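Colleague: First the structure, which I've put down as structure tokens, then a few questions once you've had a look.
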Amino acid sequence: GLGVLLSSTTPGVCVVSGFIVTLIGKGDCRIDAAQPGNANISAAPIISRTFAVLGAVQAISFDPIGDRSLAASPVTGHAIASSGLPVTLTSLTPATCSVTSSLVVLMAVGPCTIRASQTGDSIYPAATPVDRTFSISANTQTISFPPVADRLLSVVIASVAASASSRLPVSYTSLTATVCGTTGDASIELRTPGVCTIRASQSGNSQFAPAANVDRSFNVLATASNIVFAPIGPQTT
């Protein structure tokens, strides 16, 4: 009928207060039960009980990331662990994207895969990593090509002016080579009277998708000629 005393021999895993055992870490918890006796009763043999303290289970919730264009960089990744422990994001495709804190930086066109992980602590084991993959597309661009006024053939070289929203250089191609041709820049060589059609294009790069072509047509007019006819003074037969 004497009171039993409980004590923990594994304080890194569990501690005892009265008959309450508090679990503080993973491992084997050993509890000793003792009764030291009194003047009439000798001490009881100590009895030990050991049990395993397992890590609590945790899971990661990682919101899907929709497809993005490069212009949308950076993208925020939302991931949390049920344990409340901090989640780490890493890129499995460093050629197309990288991670700074919870921000996903988009760097090139292609698939981007981000992994959310939580390594655990003294209570929680590591969570199963969760991956999210999305596509990175090139930025879009457009060409601005003002109308071209009619030109006289005598001008020989006409200029045009088109620009791309990406600020990449625009190239020109003549669709009517017999009437006009291009010289590799914004200059158009006028060859014969007729309708000249020039196409402005921009093929894109690693950051921008090709722009839609824009065509402009104008008339190449024959050069006007004048007759110089000097006055004829009075004449004798």
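The values are calculated or read from the model by the stated rules, or taken from the named source; none is laboratory data. In this text, all values refer to a predicted model and were calculated from it rather than measured experimentally. For neighbour counting, all protein chains shown are included, and Cβ atoms are generated from backbone atoms with ideal geometry for every residue, glycine included. These accessible areas exclude ligands, DNA and RNA; they are computed on the full protein's heavy atoms, side chains included. Shrake-Rupley method; radii C 1.70, N 1.55, O 1.52, S 1.80 Å.
Colleague: So which residues in segment 1-11 are surrounded by 15 or more Cβ atoms within 10 Å (Cβ to Cβ) and among the hydrophobic types (A, V, I, L, M, F, W, C), if there are any at all?
Modeller: Result: 6, single match.
Colleague: Which residues, counting only those in segment 153-187, are farther than 29 Å from residue 225 by Cα and surrounded by 14 or more Cβ atoms within 10 Å (Cβ to Cβ)? Quick ask: steps written out before the conclusion?
Modeller: Taking segment 153-187 and keeping what is farther than 29 Å from residue 225 by Cα, we get 161-173, 184-185.
Within segment 153-187, 162, 163, 164, 165, 166, 168, 170, 171, 172, 173 meet the criteria.
Colleague: Can you confirm whether residue 223 is over 46 Å from the mean Cα position of the chain (by Cα), of a type in the set (S, T, N, Q) and farther than 25 Å from residue 140 by Cα? Walk me through how you get there before you give the answer.
Modeller: Numbers: over 46 Å from the mean Cα position of the chain (by Cα): yes; of a type in the set (S, T, N, Q): yes; farther than 25 Å from residue 140 by Cα: yes.
So residue 223 fits the description; yes.
Colleague: Which of the residues that make up segment 207-237 are touching a Leu at 6+ places or on another chain (Cβ under 9 Å) and polar (S, T, N, Q)?
Modeller: Here is the first cut: in segment 207-237, the ones touching a Leu at 6+ places or on another chain (Cβ under 9 Å) are 207-208, 211, 215, 217, 220-224.
Within segment 207-237, 207, 217, 223 qualify.
Per-residue answers, yes or no, for (1) surrounded by fewer than 17 Cβ atoms within 10 Å (Cβ to Cβ); (2) touching a helix residue (DSSP H, G or I) at 6+ places or on another chain (Cβ under 7 Å); (3) basic (Lys, Arg); (4) closer than 30 Å to residue 71 by Cα:
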site: 201; (1), (2), (3), (4): no, no, no, yes
site: 209; (1), (2), (3), (4): no, no, no, yes
site: 212; (1), (2), (3), (4): yes, no, no, yes
site: 215; (1), (2), (3), (4): yes, no, no, yes
site: 223; (1), (2), (3), (4): yes, yes, no, no
site: 226; (1), (2), (3), (4): yes, no, no, no
site: 229; (1), (2), (3), (4): yes, no, no, no
site: 236; (1), (2), (3), (4): yes, no, no, no
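Colleague: Quick check on segment 55-68: of everything there that is under 17 Å from residue 119 (Cβ atoms), assigned to a loop (DSSP other than H, G, I, E, B) and among the aliphatic types (A, V, I, L, M), which residue is least open to solvent (accessible area, probe 1.4 Å)?
Modeller: Of segment 55-68, the ones under 17 Å from residue 119 (Cβ atoms) are 55-62.
Next cut, assigned to a loop (DSSP other than H, G, I, E, B) only: 55-59.
From what is left, the residues that are among the aliphatic types (A, V, I, L, M) are 56-57, 59.
Values: 56: 35, 57: 130, 59: 58 Å².
Ranking the candidates gives 56 first.
Colleague: If we keep just the residues of segment 43-54 that are assigned to a strand (DSSP E or B) and within 30 Å of residue 82 (Cβ to Cβ), which is farthest from the chain's Cα centre (by Cα)? Show your work before the answer.
Modeller: Keep residues of segment 43-54 that are assigned to a strand (DSSP E or B), which gives 44-53.
Applying the additional criterion that residues be within 30 Å of residue 82 (Cβ to Cβ) yields 50-53.
Details: 50: 52, 51: 49, 52: 45, 53: 43 Å.
My answer is 50.
Colleague: Which pairs turn up if I take residues in segment 67-96 that are farther than 21 Å from residue 109 by Cβ and look for partners that are open to solvent by less than 40 Å² (accessible area, probe 1.4 Å) and among the aromatic types (Phe, Trp, Tyr) with beta carbon separation below 8 Å, at least 6 apart in sequence or on another chain?
Modeller: As it stands, the answer is 78/62; 79/62; 87/62, since those pairs meet every condition given.
Colleague: A follow-up question, please. Could you list all residues from segment 12-42 that are outside any loop (DSSP other than H, G, I, E, B) and either in contact (Cβ under 8 Å) with a residue 60 or more places away in the chain or open to solvent by 50 Å² or more (accessible area, probe 1.4 Å) (or both)? Step through it out loud before you land on a result.
Modeller: Pass one, segment 12-42, residues outside any loop (DSSP other than H, G, I, E, B): 14-17, 20-23, 27-35.
15, 17, 20, 21, 22, 23, 28, 30 - these are the residues of segment 12-42 that are outside any loop (DSSP other than H, G, I, E, B) and either in contact (Cβ under 8 Å) with a residue 60 or more places away in the chain or open to solvent by 50 Å² or more (accessible area, probe 1.4 Å) (or both).
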